[in-house]
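The values are calculated or read from the model by the stated rules, or taken from the named source; none is laboratory data. As the structure is a prediction and not an experimental result, all values here were calculated from the model. Here the Cβ is made from the backbone with ideal geometry for all residues, glycine too, and neighbour counts use every protein chain on show. Each accessible area value is taken on the protein alone, full model and side chains, heavy atoms only, with ligands, DNA and RNA left out. Shrake-Rupley method; radii C 1.70, N 1.55, O 1.52, S 1.80 Å.
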Amino acid sequence: MKQSLRIQLSLMMFLEYFVWGAWYVTMGTYLTQTLQFSASEIGIAFAAVSVAAMVSPIFVGMVADRFFPTEKILAVLHLFGAVVFVLIGNATEFSWFYLFFQIYTLCFMPTIALTNSISFRHLNDPDKQFPGIRVFGTIGFIAAGLVISFAGYEDKATMFYVSAVCSVLLGVYSFFLPHTPPKDKGKEVTVSDILGLKALSMLKDRSFLIFFIASVLICVPLSFYYAWANPFLNELGMENAAAKMTFGQVSETLFLIIMPLFFKRLGVKWMLVVAMIAWVARYVLFAFGDLGPMTWMLFGGIVLHGICYDFFFVTGQIYVDNKAGDKIKSAAQGLITFATYGIGMFIGSFISGQVVEAYTIPEGHIWETIWLIPASLAAVVLVVFLIFFSEKKSVNKPEEVSI
């Protein structure tokens, strides 16, 4: 791979995830403290991301992969998204905010798949080369959190303007990315193909069915973290909370590198079990942590993000890839992504909003109870998974990732 191509794609990933990281972690704090939306309204707002996650595969499969060059679609979506971001930053009523935010997420979520597509199409050995490109996305997400936090924008609409500026930069930059023509031009593609519905036959296998259900249900407690961790830490009075939350992305990167060592010893089932135990532990730590003697609990809950995410989602992707036959590998991955980031996170966003709403008091929130609820949900999923999941089939071990 030419060094110039590596730099091009790495910068694309950095900007893509900087745009996301500038608002995703801190939006809950802005909506809570500045716009003073209710918790249920905030839950609905975050559910817009899941709606977009369910729609984006259809857009990418039916439009981006069939009619237009990928880099040009990426450019248009980011440039239009920048305009919508300005509208979001000026919206103070929930109805207008939600409308603009839903429009924006429908623009942004497809770009994640588009940046991946551009990378895979131009790398001659994607399995080995892509991780080194994709890691710059994580670096971009971390950089965004640090900028927003140290600039004092965690509770300000300025976070959206920062994302808008970066969206413009990426939009213009995208026109200069390597030309990537539509790969399925002239090919008949159905919604069933895109959403992976052909992989539904895999649910006849009891173990895969249990894994599928667990994957959907575990995204319910996951939604609590994404929407409410930053408002929680800010309400406690933690300085530069968003910056400290970037330790979660650092942890995610480190565990991804050392994950093959654990995988070799534990196998699929126990990797997933460890992930779910980490989920329970994270919320228990949040429930009893404070900025006094128990500050370590708050940082522990943040750092556990690496195990929670890598050990469950990355292991799950490996399990699905090995479980599916060659003809439905892509369909199976599409199905599990639609179920988790779409259905699971959608349900979780609504539930988290209702829970936080129920435990809102004049002084703030009863965070101990709020966090013990997702801890309990994760514990139930863990117990059910332990009892009913059994995988005898040998699963290939992932190669060590070179970053």
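Find the percent of Cα-Cα distances in the stretch 226-382 that exceed 25 Å, and round it to a whole number. Walk me through the numbers before you get to the answer.
Values: 4341 of 12246 pairs.
The proportion of pairs with Cα distances above 25 Å equals 35 percent.
How much length is gained if the chain between Lys128 and Phe288 is pulled fully straight, taking 0.36 nm per residue apart and subtracting their Cα-Cα distance, in nm to one decimal? Please list the in-between numbers first.
On the way: separation 160, 0.36 × 160 = 57.60 nm, distance 4.18 nm.
So the extension gain works out to 53.4 nm.
Under the 0.36 nm per residue contour assumption, what length would be gained going from the current alpha-carbon distance of Val55 and Val380 to full extension? Before the final figure, lay out the partial values.
Details: separation 325, 0.36 × 325 = 117.00 nm, distance 2.98 nm.
Extending this stretch completely gives an extra 114.0 nm.
Share of the stretch 17-150's accessible area from carbon and sulfur, percent, 1.4 Å? Display every interim value, and only then the final one.
Numbers: 3300 of 4770 Å².
The computed percentage sits at 69.
In Å², and per residue, what accessible area does the stretch 65-180 have when probed at 1.4 Å with the other protein chains present? Display every interim value, and only then the final one.
Values: 4830 Å² over 116 residues.
Dividing the accessible area of the stretch 65-180 by its residue count gives 42 Å².
Out of the total accessible area of the stretch 240-300 (probe 1.4 Å, heavy atoms of protein only), what percent is carbon and sulfur? Please report the intermediate quantities before stating the final value.
Values: 2030 of 2640 Å².
Accessible surface attributable to carbon and sulfur in the stretch 240-300 totals 77 percent.
Compute the distance in nm between two label points, each set 7 Å from the Cα along the Cα-to-Cβ direction, one at Leu99 and one at Thr360.
Rounded to a tenth, the inter-label distance reads 2.2 nm.
Per residue of the stretch 364-376, in order, report the coupling 6.51 cos²θ - 1.76 cosθ + 1.60 (Karplus, θ = phi - 60°) as ³J(HN,Hα) in whole Hz, putting x for Gly and Pro.
In residue order, the calculated couplings are x, 9, 8, 5, 4, 5, 4, 6, 6, 5, x, 4, 5 Hz.
Whole-Hz ³J(HN,Hα) for each residue in the stretch 242-253, computed from phi via Karplus 6.51 cos²θ - 1.76 cosθ + 1.60 with θ = phi - 60°, x for glycine and proline: what do you get?
5, 5, 5, 5, 5, 4, x, 6, 4, 4, 4, 5
My understanding is that a pair violates if its Cα-Cα distance is over 29 Å; which of Lys72/Lys128; Lys244/Lys264; Lys72/Lys323; Lys204/Lys269; Lys2/Lys244; Lys264/Lys323 do that in this structure? If you can, show how the numbers build up before the last one.
Working: Lys72/Lys128 27 Å; Lys244/Lys264 31 Å; Lys72/Lys323 36 Å; Lys204/Lys269 19 Å; Lys2/Lys244 36 Å; Lys264/Lys323 18 Å.
Where the Cα-Cα span goes over 29 Å, the pairs concerned are Lys244/Lys264; Lys72/Lys323; Lys2/Lys244.
Can you compute the helix-only [θ] at 222 nm over the chain? Use -39500 (n - 2.57) per DSSP H run of at least 4 residues, normalise by all residues, nearest 500 deg cm²/dmol. Intermediate values should be presented prior to the final figure.
On the way: 16 runs with 282 residues, N = 403.
Taking each H run of at least 4 residues, the total per residue is -23500 deg cm²/dmol.
Based on the Cβ-Cβ distance from Asn90 to Arg206, what FRET efficiency comes out when R0 is 35 Å, to the nearest 0.05?
Here the calculated transfer efficiency is 0.10.
Which net charge results for the neighbourhood of Met297, defined as the other residues with beta-carbon distances under 12 angstrom from its beta-carbon, given Lys and Arg at +1 and Asp and Glu at -1? Could you put the intermediate results ahead of the total?
Values: positive: Arg282; negative: Asp290, Glu368.
Its environment carries a net charge of -1.
Going by Cα centres, the stretch 274-319 and the stretch 198-262 are how many Å apart?
8 Å
With all distinct Cα pairs included, what does the Kirkwood hydrodynamic radius of the stretch 70-116 come out to in Å, to one decimal, could you say? Could the numbers behind the result be given before it?
On the way: mean 1/r = 0.0914 Å⁻¹.
After inverting the pairwise mean of 1/r, the radius is 10.9 Å.
Over the chain, calculate the relative contact order: mean separation of alpha carbon pairs under 8 Å at least 6 apart, over the residue count, as a percent. Mind dumping the intermediate values first?
Numbers: 617 pairs, mean separation 110.4, N = 403.
Reported as a whole number, the value is 27 percent.
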